[in-house]
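Note sheet for the following structure.
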Amino acid sequence: MTEAAVLDILRQALWVALVVSTPILAVALVVGLAIGLIQALTSVQEMTLTFVPKLAAILAVFWVTMSFSGHTLVRFYQDEIIPLVIDR
């Protein structure tokens, strides 16, 4: 395997990781900003107020996107990684 092939596989793996993690990170960002805005407007600085809703939103999005994430990861391994292992 050449250096270019290894770098191409790593580039594809990073892209798949970005695609799989984007929905969860985007929801965490939006919920965190919304809770931060509410805390700034009401002057309530409770730590659990940020943690619990963010955790609930992340778990909900993870549950909704679990099928997409699993399919994307399995397709990447079947198309890119397994042929490299079998060819050796």
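Computed on segment 6-82, with alpha-carbon pairs under 8 angstrom and 6+ residues apart, the relative contact order is 46 percent. Between L59, L37, L25, the residue with the greatest mean-square fluctuation in the GNM of the chain (Cα pairs under 10 Å linked by springs) is L37. The portion of the accessible surface of the chain made up by carbon and sulfur, rounded to a whole percent, is 75 (1.4 Å probe; DNA, RNA and ligands excluded). What angle do you read, to the nearest 10 degrees and between 0 and 90, between the alpha-carbon axis of helix 47-76 and the longest principal axis of the chain? In the chain, helix 47-76 runs at an angle near 20 degrees to the longest axis.
Summing Cβ point charges (Lys, Arg +1; Asp, Glu -1) relative to the Cα centre of the chain gives a dipole of roughly 220 debye. Against the chain, whose longest principal axis is taken from its Cα atoms, helix 3-42 shows a tilt of about 10°.
The values are calculated or read from the model by the stated rules, or taken from the named source; none is laboratory data. Just so you know, these numbers come straight off a predicted model, no measurement behind them. Every residue, glycine as well, gets a Cβ built from its backbone with ideal geometry; the counts of neighbours run over all protein chains shown. SASA here: full protein model, heavy atoms, side chains in, ligands and nucleic acids out. Shrake-Rupley method; radii C 1.70, N 1.55, O 1.52, S 1.80 Å.
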